[in-house]
1. Once you have the Cα-Cα distance between LEU238 and SER216, take 0.36 nm times their residue separation minus that, and quote the gain in nm to one decimal.
2. Go ahead and run the numbers for FRET between LYS275 and ILE164, Cβ-Cβ distance against an R0 of 25 Å, rounding to 0.05.
3. Once a ≥ b ≥ c are taken as the square roots of the eigenvalues of the Cα gyration tensor of the stretch 18-59, is the result rounded (a/c under 1.5), prolate (a/b larger than b/c) or oblate (a/b not larger than b/c)?
4. Hey, what's the Cα Rg ratio for the stretch 162-226 versus the globular rule of thumb, 2.2 N^0.38 Å?
5. In whole percent, what relative contact order does the chain give with Cα contacts below 8 Å and a gap of six or more residues?
6. What's the ranking of 68-75, 30-37, 50-57, 98-105 by average number of surrounding C-beta atoms within 10 Å, highest first?
7. Using a 1.4 Å probe over the heavy atoms of the protein chains, calculate the carbon and sulfur portion of the accessible area of the chain as a whole percent.
8. Give the aspartates and glutamates reachable from LYS220 as a straight Cα distance under 14 Å; neighbours fewer than 8 places away on the same chain don't count.
Amino acid sequence: MKQQSLSITPIAIKEVDNISMGILPNGETFLSLQGLARFCGMAPSSIIQLAQDWEKGEAQGRQRGRQLEELIKEWTETEQAPDSLYVQLSSNNSITGTIHAVPEQIVMAITDYYAHFAQVKKDEAIINYRKAAKFGLRKYIYERLSYKETDAISKSWSLFQERILLNETPRGYFTMFDEATSIIASLIRNNIIVDDSIMPDGSLGSHWGRYWRANSLSEKYGEQIKIRHNFPESYRQLDPEINAYPHSALSEFRGWFEDVYLPEKYPEYVKRKVKDGKIMLESIPVLLSAVMPPDVSEKRLR
């Protein structure tokens, strides 16, 4: 796993007891490199040097590195440790514009090492390891940052409702946002934070637009028109122009949506968001099954 550089804004980041910690949009937590050093009772320079040596592949050849590698594989439940101990996040919360974020599992692996396996065990590492092990590091950081996941989900519902209220589709037409509401609602229902970085209607529009052009559907149903789509004020993007399609194409769209987009294209979208750090890997099966329409036999009354 190569070091990633992600354009993600943490939904919460703060220095608590001189330890910089934060929360990503998918709910995962992290410590900065310097925060990790303080969490383990180490000098920041030693942890930064460890991270640099790890990227070069030099640390893994030493006794400490070999022990850390095994602990990281155990905590991340993977067969191979990553090539980097942190992920670079673009953020306005840092003077340099970059946060070196150490994911929660790697934080626990390194803290575990300094609490139990280092030649000189650190009291801070032992104390913080016990606290994190007792509550779970994620819950521990949530508590320290006074963060409630339900607040973020409530905000997602509010933003979703705001998008609905801000936009009205002209009579005789439909838009991708109209048709993506079931997907957006399923994401929020499954505790995915939906903001200006997760907009499946954009993915839906791209794929449907290509299908529309490839099959010359304007000759069959008439031309699509351009309309303005309005975002909530908190969104970073400008209000875009989007396509609105004739109602006469709605039946073909929904057939394509159920037969092509949901089983083939939507999984690709979800996996990209996992890679971007927006959605947790374990959420994929639930999210994919949640949007698939039930069989008619399950709903038919008679």
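The values are calculated or read from the model by the stated rules, or taken from the named source; none is laboratory data. Here the structure is a predicted model, which means the values were calculated and not measured. Note: ideal-geometry Cβ built from the backbone for every residue, glycine included; neighbour counts use all protein chains shown. Please note that ligands, DNA and RNA were not included when accessible areas were found on the heavy atoms of the full protein model with its side chains. Shrake-Rupley method; radii C 1.70, N 1.55, O 1.52, S 1.80 Å.
1. Answer, rounded to one decimal: 4.9 nm.
2. Details: r = 29 Å, r/R0 = 1.15.
Once rounded, the FRET efficiency stands at 0.30.
3. Details: a/c = 3.66, a/b = 1.45, b/c = 2.53.
Since a/c reaches 1.5 but b/c is at least a/b, the shape of the stretch 18-59 is classed as oblate.
4. On the way: Rg = 13.7 Å, N = 65, 2.2 N^0.38 = 10.7 Å.
For the stretch 162-226, the normalised Cα radius of gyration comes out at 1.28.
5. On the way: 398 pairs, mean separation 49.9, N = 302.
Relative CO of the chain lands at 17 percent.
6. On the way: 68-75: 18.6, 30-37: 24.2, 50-57: 16.0, 98-105: 22.6.
Sorting 68-75, 30-37, 50-57, 98-105 by mean packing, highest first, produces 30-37, 98-105, 68-75, 50-57.
7. Working: 7840 of 16490 Å².
Of all accessible area on the chain, carbon and sulfur atoms account for 48 percent.
8. Cross-link targets: GLU252.
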